[in-house]
1. For segment 94-105, indicate whether the set of residues that are part of a loop (DSSP other than H, G, I, E, B) and either under 11 Å from the mean Cα position of the chain (by Cα) or acidic (Asp, Glu) (or both) is non-empty.
2. Being surrounded by 15 or more Cβ atoms within 10 Å (Cβ to Cβ), in a loop (DSSP other than H, G, I, E, B) and either hydroxyl-bearing (Ser, Thr, Tyr) or within 13 Å of the chain's Cα centre (by Cα) (or both) is the requirement here; does Ser71 meet it?
3. Has segment 50-67 got at least one residue that is assigned to a strand (DSSP E or B) and surrounded by 12 or more Cβ atoms within 10 Å (Cβ to Cβ)?
4. Would you pick out the residues in segment 74-91 that are under 13 Å from the mean Cα position of the chain (by Cα) and either within 16 Å of Asn41 (Cα to Cα) or not in a strand (DSSP E or B) (or both)?
5. Can you tell which of Ile77, Ile43 is at pLDDT 90 or above and either under 26 Å from Lys28 (Cβ atoms) or surrounded by 13 or more Cβ atoms within 10 Å (Cβ to Cβ) (or both)?
6. Pull out all pairs, ordered by first then second residue, where Cβ-Cβ is under 9 Å, the residues are six or more apart or on different chains, the first lies in segment 42-54 and is over 12 Å from Ile95 (Cα atoms), and the second is of a type outside the set (D, E, K, R) and assigned to a loop (DSSP other than H, G, I, E, B).
7. Restricting the search to segment 80-102, which residues are out of contact with any Leu (no Cβ under 7 Å at 6 or more places or on another chain), modelled with pLDDT of 90 or more and surrounded by 15 or more Cβ atoms within 10 Å (Cβ to Cβ)?
Amino acid sequence: MYSKFLIILILGLFSVVTNATDATSEFKNYINKPYEKFRNNLINNGWSPLINKDNEKRSFYAQEVSDKGYSEVINCISMERDECEFAFIKKQKIIFIKTKDKNFIVYSITLK
């Protein structure tokens, strides 16, 4: 027989996963769209760029992206993939956005 605490814990975890999924699905229409459009929408809705001050630990490509005004870039992989990851924060939630191509097309959105 399960204890009451274990049942409450399981239900609580299910709620957290469900809320994160719901929040992520709120942004799903930005998949395969330009990052700049999504970025502007986030800022207009109270999300703040999570500024990565550790520039030396990022790739040269990420440093270039940051210098272009995207201080929220976490890191980038150039070569054939040209992928970047960006982060925003709002009310203790962080949203991570991954892009592909030099055109920064959104392909992944994760809310934590």
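1. Scanning segment 94-105, I find at least one residue that is part of a loop (DSSP other than H, G, I, E, B) and either under 11 Å from the mean Cα position of the chain (by Cα) or acidic (Asp, Glu) (or both), so the answer is yes.
2. Criteria met by Ser71.
3. No, because not a single residue in segment 50-67 is assigned to a strand (DSSP E or B) and surrounded by 12 or more Cβ atoms within 10 Å (Cβ to Cβ).
4. Selection gives Phe86, Ala87, Phe88, Ile89, Lys90.
5. Values: Ile77 fails: at pLDDT 90 or above.
Step by step, each of Ile77, Ile43 is checked, and only Ile43 is at pLDDT 90 or above and either under 26 Å from Lys28 (Cβ atoms) or surrounded by 13 or more Cβ atoms within 10 Å (Cβ to Cβ) (or both).
6. Ile51/Ser71; Asn52/Ser71; Lys53/Ser71
7. Across segment 80-102, the qualifying residues are Glu83, Cys84, Glu85, Phe86, Phe96, Ile97, Lys98, Thr99, Lys100.
The values are calculated or read from the model by the stated rules, or taken from the named source; none is laboratory data. Because the structure is a prediction, the values reported are computed rather than measured. Neighbour counts are summed over all protein chains in view; Cβ atoms, including those assigned to glycine, are modelled from backbone coordinates with ideal geometry.
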